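Presented below is the structure to which this report refers.
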Amino acid sequence: MILVRSAQGLYWMSRYLARAEHLCRMMALQMEAMVDRPFREVHFGWSRIYGTMERTPPWGDIGELESDEGLLFDSYTLAEDMTFERLHPESVWSCFAMGRENARQMRQCITGEMWLGLNLPYLRLQKMGIRDIWRTSPETFYNETAGAISAFTGAAADTMYRDENWFFMRLGRAIEKSQLTTGLFLTQLRLSRQADESFDGDWETLLRLYHAFEAYVVRYAVQVEPGQVLDLLATDNHLPSSLSRMLGHVEEAIDALGPGPDAAASDELRRLAGRVSALVKYEWDGRHNPEPLLNEVYSHCRDLHDLVSATYFDYPIQDAPER
């Protein structure tokens, strides 16, 4: 049986790296939008990023970003905050560093290819600041960082033995991506409602974030419809990062890991994983007020994390398995 410390380290390693990857992909699209998009779309993009990550900008309110005149300076400040702010646990730097630190402590549980693929980008990141990436093409930095994490995930899929180490990694990544995706959908819907209008560009970037634009065109048409975008990203199991597929990975990992020492927590965890997956598979309707269901899924994702901790990491000592 895997040690609790190792299981928890692998779980959190995957969560931090999935968070860093997701943020890098959002930031790359935001940097591209700054080149030729109108102010409204750039402002919407920053609001979406901060809303999804549940963070507050350095000056307190993203709504205070009001004109094209200070757009470059404001974006520089916001990019530095989201990328290199070492005191905030949600920045790219912090998430990558915490993911790498968990990997360092779990060196005996991961392969050499995985460690090399993670450590080299980490060492490069330590030497960089916002000025280094801003002077050329910042989107290149974000794409390369996200690509390094994707390569790490690919190395894990190619080289890891399919034991409990693998499934704790898979569980952490799936829960994190499910929570981030649900939070992003809720933020997108809230911002669109507050603006009293929806623009194709806002929803097209959502498709691009999940590498789903081509799939959308094949399934629907070139015309972007918000309800159809949500339907695809939430329910299509052929899409690698769809919400339904990620929640399916949660179920699979929990089944593979089996019950923990606390039988009651284990049963509750398994039931909740099935419930939240069924919500998206069988009760989803993205075209008619999906927010109540998304709020429920988001709350359940947080509950899943708490139950994973209670089942596998923080169970009472009298329930600990004998060695």
Where residues in segment 156-178 are among the small types (Gly, Ala, Ser) and either touching a Ser or Thr at 6+ places or on another chain (Cβ under 7 Å) or free of Cβ contacts under 8 Å to residues at least 24 places away in the same chain (or both), which of them is farthest from CYS95 (Cα to Cα)?
ALA157
From ALA253, ALA264, grab the single residue that is open to solvent by 60 Å² or more (accessible area, probe 1.4 Å), of a type in the set (A, V, I, L, M) and either part of a helix (DSSP H, G or I) or in contact (Cβ under 8 Å) with a residue 24 or more places away in the chain (or both).
ALA264
Criterion (surrounded by fewer than 19 Cβ atoms within 10 Å (Cβ to Cβ) and at pLDDT 95 or above) met by exactly one of GLY99, GLY70, GLY63, GLY112
GLY112
Please determine, by comparing only the residues of segment 271-323 that are aliphatic (A, V, I, L, M) and farther than 19 Å from THR182 by Cβ, which one is modelled with the highest pLDDT.
ALA310
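When segment 115-127 is examined, which residues are found to be open to solvent by 20 Å² or more (accessible area, probe 1.4 Å) and under 23 Å from the mean Cα position of the chain (by Cα)? Lay out the reasoning, then the answer.
Start the filter on segment 115-127 by keeping residues that are open to solvent by 20 Å² or more (accessible area, probe 1.4 Å), which leaves 115-117, 119-124, 126-127.
Matches in segment 115-127: TRP115, LEU116, GLY117, ASN119, LEU120, PRO121, TYR122, LEU123, ARG124, GLN126.
Please verify whether PHE152 is in contact with a Leu (Cβ under 7 Å, 6 or more places away or on another chain), under 30 Å from ALA33 (Cα atoms), of a type outside the set (Ser, Thr, Tyr) and assigned to a helix (DSSP H, G or I), treating the condition exactly as stated. Working first, answer last.
On the way: in contact with a Leu (Cβ under 7 Å, 6 or more places away or on another chain): yes; under 30 Å from ALA33 (Cα atoms): yes; of a type outside the set (Ser, Thr, Tyr): yes; assigned to a helix (DSSP H, G or I): yes.
Here the answer is yes, as PHE152 does meet what is asked.
With the structure loaded, tell me whether VAL229 is at pLDDT below 95, among the β-branched types (Val, Ile, Thr), open to solvent by less than 50 Å² (accessible area, probe 1.4 Å) and more than 30 Å from TRP166 (Cβ to Cβ) or whether it fails that test.
Criteria not met by VAL229.
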Which pairs have Cβ atoms under 8 Å, sit 6 or more apart or on different chains, and link a residue in segment 278-302 that is in contact (Cβ under 8 Å) with a residue 12 or more places away in the chain to one that is among the aromatic types (Phe, Trp, Tyr) and not in a helix (DSSP H, G or I)?
PRO290/TRP284; LEU293/TRP284
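Please work out which residue is most open to solvent (accessible area, probe 1.4 Å), limiting yourself to segment 298-316 and to residues that are in a helix (DSSP H, G or I) and among the acidic types (Asp, Glu).
Of all residues in segment 298-316, those in a helix (DSSP H, G or I) come to 298-313.
Right, trim to among the acidic types (Asp, Glu) and you get 303, 306.
Values: ASP303: 62, ASP306: 91 Å².
The qualifying residue most open to solvent (accessible area, probe 1.4 Å) is ASP306.
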For segment 171-178, indicate whether the set of residues that are of a type in the set (S, T, N, Q), modelled with pLDDT of 95 or more and under 24 Å from TYR50 (Cα atoms) is non-empty.
yes
Suppose the filter is open to solvent by less than 60 Å² (accessible area, probe 1.4 Å), under 25 Å from SER192 (Cβ atoms) and among the acidic types (Asp, Glu); does ASP236 pass it?
yes
Looking at segment 18-31, is at least one residue open to solvent by 40 Å² or more (accessible area, probe 1.4 Å), over 26 Å from PRO240 (Cα atoms), in contact (Cβ under 8 Å) with a residue 60 or more places away in the chain and assigned to a helix (DSSP H, G or I)?
no
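Looking only at segment 174-207, how many residues end up being in a helix (DSSP H, G or I) and loosely packed, with under 15 Cβ neighbours inside 10 Å? Walk me through it before giving the result.
Of segment 174-207, the ones in a helix (DSSP H, G or I) are 174-195, 200-207.
Filter once more, keeping what is loosely packed, with under 15 Cβ neighbours inside 10 Å: 190, 193-195, 200.
Going through segment 174-207 one residue at a time, the tally reaches 5.
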Scan segment 268-286 for residues that are open to solvent by 60 Å² or more (accessible area, probe 1.4 Å) and assigned to a helix (DSSP H, G or I) and jot them down.
GLU268, ARG270, ARG271, ARG275, LYS281, TYR282
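Just the residues that are in a helix (DSSP H, G or I) and either out of contact with any helix residue (DSSP H, G or I) (no Cβ under 6 Å at 6 or more places or on another chain) or under 23 Å from HIS249 (Cα atoms) (or both), please, taken from segment 223-238. Talk me through it step by step, then tell me what you get.
Here is the first cut: in segment 223-238, the ones in a helix (DSSP H, G or I) are 226-235.
The answer is GLY227, GLN228, VAL229, LEU230, ASP231, LEU232, LEU233, ALA234, THR235.
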Which residues, counting only those in segment 243-275, are within 20 Å of the chain's Cα centre (by Cα) and over 20 Å from LEU189 (Cα atoms)?
ARG245, MET246, LEU247, GLY248, HIS249, VAL250, GLU251, GLU252, ALA253, ILE254, ALA273
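The values are calculated or read from the model by the stated rules, or taken from the named source; none is laboratory data. Being a predicted model, the structure only gives us computed values, none of them experimental. Note: ideal-geometry Cβ built from the backbone for every residue, glycine included; neighbour counts use all protein chains shown. To get the accessible areas, we keep the full protein, side chains included, count just its heavy atoms, and leave off ligands, DNA and RNA. Shrake-Rupley method; radii C 1.70, N 1.55, O 1.52, S 1.80 Å.
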